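See below for the structure under consideration.
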Amino acid sequence: MTAESTLRADIVEVGRRMYARGYTASNDGNISVRLGHDRLLMTPKGVCKGFMTVEMMCVTDLDGRKLQGDREPSSEMLMHLEVYKERPDVQAVVHAHPPIATGFAVAGIPLTRAVLAEVLTTLGSIPIADYATPSTRELPAAVRKYIKVHDGMLLANHGALTVGSDLYSAYFKMETIEHFANISLVARLLGGERLLTRDEVLRLQDLRGTYGIQAPAPICPDPGVDAGPAVSEGSEDGATCQIVDAPAARGTRLVAASSEARREVGRSNSEGEIRLTYRELSALIEDAIRSLR
Ligand SMILES: [Zn+2]
């Protein structure tokens, strides 16, 4: 188990990085981590995450009773408690308002399109939890719907939430969400993403094991239709699998066919440039991994 002094320093460091990267403004955001099996270490209410000290942190039990600390625990403590209750595997929770991801949350656009391998292998899809008044009991209820099967989500008209097996893994998922939101925004400004096919998504899901990545839930099963986004998201009680928007059509190329691509980039393709479909690239990666064993 990581020593409390190390965890306090890690929270300070993660807060500093979040603030430096513009994921929080003023006193926004909050961070918590499990301290043994029955306590939490949490950022206090009303402080800027960029200027915290190790002494500021609060220790609470899993019901939110303060056990230690001069300050009051985070105003979003109820949301953190809900996550720890629903996900015994989760060791840390990070909440911030990264501006591009929050823009998607404000626009009501989830980040569920199959676009980037590193997102599909780590977070899968990133849904939007319903709007809830911050710091009330409504927010944990909104988060409950998705938290069992997602390690990251947007919070409608509010921000983003990520969880992880340690503090840095939760924080890095916040970075991945904001990075993905940036790329998605640019791609949409440039005419829209070219989506990976459903087969490619499932293949990437299989690769999670190869990379040793724990995923909270599988991609939803193929409903057996020809095209279009798949599947229901589960029962009223909550999502049971992850929704990823990916076309069913086989053989869709991630990059344009060479003649089309030449036209698009306006330059010759004859100077030793190699264009691969995503499937071809995945096969090359798999071969490389096999040869390393
Ligand atoms: Zn917030």
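Structure data summary
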quantity	calculated
Karplus (6.51, -1.76, 1.60) ³J(HN,Hα), θ = phi - 60°, over the stretch 153-162, in Hz, Gly and Pro reported as x	8, 8, 10, 3, 6, 8, x, 9, 9, 9
Space enclosed by the convex hull of the alpha-carbon atoms of the stretch 1-150, per residue, Å³	119 Å³
Computed FRET value (nearest 0.05) for Ser5 with Ile109, which takes r as the C-beta separation and R₀ as 30 Å	0.10
Two-site label geometry, Asp38 and Asp206: point separation in nm, points 7 Å out along Cα→Cβ	4.6 nm
Which of Ser282, Ser184, Ser135 has the fewest Cβ neighbours within 10 Å, and the rest in rising order	Ser135, Ser282, Ser184
Cross-link partners of Lys145 among lysines (Cα-Cα below 23 Å; sequence separation of 8 or more within a chain)	Lys85, Lys173
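No lab work stands behind these numbers, since they all come straight from the coordinates. It should be emphasised that the depicted structure is a prediction, and the values quoted were computed from it without experimental measurement. Counting neighbours? That spans all protein chains shown, and the Cβs are built from the backbone with ideal geometry, glycine included.
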